[in-house]
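The next block holds one structure in the form of C-alpha cells; read it before the comments.
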Amino acid sequence: MAEKGLSIERSDLFVAVGAVVIVLMLIIPLPTVLLDLLMATNLVLNLLILLTVLYTKRAIDFSVFPTLLLVSTVFGLGLNVSSTRLILSQGMKFQGRMIKAFSTFVIGTNGTEGLVIGFVIFIILIAVQAFVITKGSTRVAEVAARFTLDAMPMKQTAIEAEYNSGAITEEEARHRKMEVQKEADFYGAMDGASKFVSGNVKIGIFITVINIVAGLIFGMIFRSEPFAQAIQTYASLTIGDGLLSQLPSLFVSVATGLIVTRSVSDGTFGKDIKNQFSQNSWVYFVGAGTLAVIAFLPGFPWYVLLPLAASLAWIGWRLRAAQAATFRKTMEKAEQKEKGKAGEPSGDISPVVPLDPLSLELGYGLIPLVDKDKGAELLERVTRIRRESALDLGLVVPRIRIIDNMRLEPSEYCFKIKGVEVARGRIRMGWYLGINPGGVTEDLPGEKTTDPTFGLPAIWISEENRERAERAGYTVVDPPSIIATHLTEIIKRHASEILGRQEVQSIVDTIRKDYPAVVDEVTKSASVGEIQKVLQGLLREQVSIRNMVVILETLADWRPVTKDTTVLVEKVRQALARQICLQYVDDARTLHVLTVSNDLTQKIVDSRVDTVNGPLAALEPAEHRSWIRAVTHSVQAVQQAGYIPIILCPEEARILVKGSTEREIPDLVVLSVPEIANDIRVEAIGEIKQE
C-alpha cells in the first residue's frame, strides 16, 4: 500500500512540475539544448497520443484525451514562444539543432528554390490540418456530443428495462449506467477540446508570419543584414520551426479525428480494419479485375498495375480459403454439440431448479408491450411499480422476470409468485378498456368484459370511441396500464408471500449499518424467521414496514416477554399507530369507523381457538353466517356514504374479527383501540349488531 501511495504521489508531482514548466516556458528564455530536448519530447508525446488512440478499443477508455489535448497544445505553444524568442534574438547565431536539422532536411541546400518548396510544404500542411482534419473532427465532435447527450436517457431506460426483466444483474446495470455517463461526459468534453486543435493551427500561421516579418526587421534594421541574407536566415529558421511544431500538431489532430469517429468500434483500429476488410473476398477479385483491365489501356504503367492486381487476387483467394475453413470448423463444432446432447445422460440435470420470486408471463400477442423497438412502455411501468412499492410498503420487490409463454393464449398474461400462478388476465391489443365505476350515462358498442384487477364491469373500446367513453363516465385505460395496475394490486395482496427470509436478512443487515444497537438487541432474542413472520403479518394487512427501526425496537421490547407471533404483530401495530391511522383519516384527521356491539364482541372473543397458524373465531356455522351478513350490510352502507369501511374493536378481538371476515371481505380494515393515535379524532358512523 505504501508503494502504491508513493507511486501516485510521484505521478501527481510529475504532472504538477510539468504544468509549472509549461507556464514558465512562456516567460523565461530557454537555452538551445533544453529547447531541443523539449521539442523532441513534444514530438514523442504527440506520437504516443496517436499510437494510444490507434490501440484503444473504445473512446471512453482514453478518457484523459481532452485534457491531454489542452496540455499538448499549451506545451507546443510554449515551445513556439521560446523558439521565436531565440530565433529573433540570435539570428544567424541560433544553434537550435532540431529546428536547423528540420529546416535543412525539408528545404535542402537549393537556396531560394528550396526555401520556396519548404514554404509551400508548410502551407499545404497547415491547410490540410485547418480545412480537412481539424474542421471535420470539430464537426464530428459536435454531432457526437449532441446525439450522445440526447440518447443518454433512452440508454439508461433500456438498461433499467434489462435489469427489471432479469437479463442483467444490479451490478451490471450500475456499471452500464456509469459507462453511459462517462461516454456523455467524454463527448461533451471533446466538443470543446476540439477547439484547441483548430486554435493551435490558426496561431501557428500567425506565429509564422510574425517570425518572418519581425526577423526581416531585426536582421535588416538592427543587424544591418542584406535583404537576401535576412530572408534566407529567418525564413528558413521560421519554416523549420513551423514544420517542427506542426508535425506534432498533425499527430494530435489525426488522433482527435480518429477518437471521435470511432464511437461504434468494439476493437482497436487495426483489428477493426482487419475484420471489416476481410468480410467479403469478392471485393478483392473485382478490384484485381479492374486493375488488370486498366493495365492494358494505352499509356498506363502495366508493370505497376499488374503486380497490384495479382496481389489483390492472392488476398481474395486467401480470404476465401480462410472463410471456408472457418465454416467447416463451425459445422464440426455444431455436429459435436448435437452428438453430445444425444448422448447426454439424464442425470446431469441440476438438482435445484430455481424459481423466479415474481414473474409476468405473456402470450405472444402481447410481446409488443415489452419490445424495445416499439417503446417497451410496460417495462417502464414495471420499474415505477417496484419503486412505488418500496416507498408505499417498505418492501423492495425482487426483479420481475418478464417472459413469453407459448402455452398461454396470444392475448393472455399471468402473474406467478415463486412459480405458482396467482392471477391471470386477457388483453385486446389496439383497444382500450372502459371500466364502469358506477356512474356511466351511456352504453357504448364493444365487447363486454370485466376488469381483471378489481372485477368491475368493463367494455373493450376502440380508438375512435375513447373520448366518447370518457365523456360517458367510463374510466379508460390502455393495455400497459391494465397490466401495471393488476401487477400493483398483486404485489399489495401478496406482499407477505414475496417477503422471504433472505430479504429480511438483507433488511436487517442494512439497518445494522446505522442502528447497530437496535439490531444487536433484537437478534439476541428473535431469529430471522420470527422477524419475517411479524413483517409478513403487517404486510398481510397493508401496513408498511418502511419504519423498520420502530418495528425492531418494539420486537426487542416484547420478544423477551412472549413468543406468540400474533401478540408481537399487535404490539408492533400499536407502535405504528399514527402511521396506520393516517392511511384512513380524512382532511380533518378524523377516522370514521364501525363498532361492534358488546355482546357480539364477547361472543367472538369466547369462540377463540388457538391453532398453529394463529387464533381463530370458531363460531357456529349459523352464527358465522349471521355475523358475515351483518358485517356485509354495514360495509355496504358505509361505502354508499363515501367512507372507507373500518371496524374498531377491542385489542383482544381485533385479530379474531379480521380472521373471520378475511375470506368474504378481504379488503376490510380492522383496527384495535390501542392503535388509535392520541391526535386522531374518531367518529362512529354505525354499529354491527347480531341479526
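Below are the figures for this structure:
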{"item": "Length gained when the stretch V612-R384 is fully extended (0.36 nm per residue, less Cα-Cα span)", "result": "78.3 nm"}
{"item": "Out-of-range pairs (alpha-carbon distance over 18 Å; input K416/K448; K416/K658; K563/K603; K57/K271; K658/K689; K571/K658)", "result": "K416/K448; K416/K658; K563/K603"}
{"item": "Two-site label geometry, N280 and D478: point separation in nm, points 7 Å out along Cα→Cβ", "result": "4.0 nm"}
{"item": "Helix runs (DSSP H) in the chain reaching 30 Å along axis by Cα, Kyte-Doolittle at least 0.5", "result": "2-25, 32-54, 65-90, 227-261"}
{"item": "Theoretical gain in end-to-end length, L34 to A324 [0.36 nm per residue, Cα-Cα removed]", "result": "98.5 nm"}
{"item": "Cut-off under 5 Å, modelled amide H: who pairs with D371 long-range", "result": "A376"}
{"item": "Linear extension gain, L70 paired with K177, 0.36 nm per residue minus alpha-carbon span", "result": "35.7 nm"}
{"item": "Cα-based reach from K202 at 17 Å (exclusive), listing aspartates and glutamates while leaving out same-chain residues under 8 positions away", "result": "D241"}
{"item": "Restraint check, K135/K155; K100/K135; K177/K533; K418/K492, Cα-Cα greater than 26 Å", "result": "K135/K155; K100/K135; K177/K533"}
{"item": "Accessible surface of the chain, 1.4 Å probe, proportion on carbon and sulfur as whole %", "result": "60 percent"}
{"item": "Anisotropy class of segment 597-691 from Cα gyration tensor, a/c 1.5 cut", "result": "oblate"}
{"item": "Point-to-point label distance, L247-V21, nm (Cα→Cβ direction, 7 Å offset)", "result": "2.0 nm"}
{"item": "Computed FRET value (nearest 0.05) for R97 with Q156, which takes r as the C-beta separation and R₀ as 45 Å", "result": "0.25"}
{"item": "Label-to-label distance, nm, for residues given as R468 and Y515 (7 Å Cα→Cβ offset)", "result": "5.7 nm"}
{"item": "Percent antiparallel among DSSP beta bridges (both partners in the chain, rounded to 5)", "result": "60 percent"}
{"item": "Reported label for calculated volume of the Cα convex hull per residue in Å³ given (1) 229; (2) 324; (3) 202", "result": "(2)"}
{"item": "Accessible solvent surface per residue of the chain, calculated while the other protein chains remain in place, 1.4 angstrom probe, Å²", "result": "55 Å²"}
{"item": "Loop-resident sites, segment 607-675, for trypsin sites (Lys or Arg not before Pro), counting at most 13 other Cβ within 10 Å (DSSP)", "result": "R663"}
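The values are calculated or read from the model by the stated rules, or taken from the named source; none is laboratory data. Bear in mind that the values here come from a model prediction, so they are computed numbers and not experimental data. So basically every Cβ, Gly included, is an ideal-geometry build from the backbone, and we count neighbours across all protein chains shown. Please note that ligands, DNA and RNA were not included when accessible areas were found on the heavy atoms of the full protein model with its side chains. Shrake-Rupley method; radii C 1.70, N 1.55, O 1.52, S 1.80 Å.
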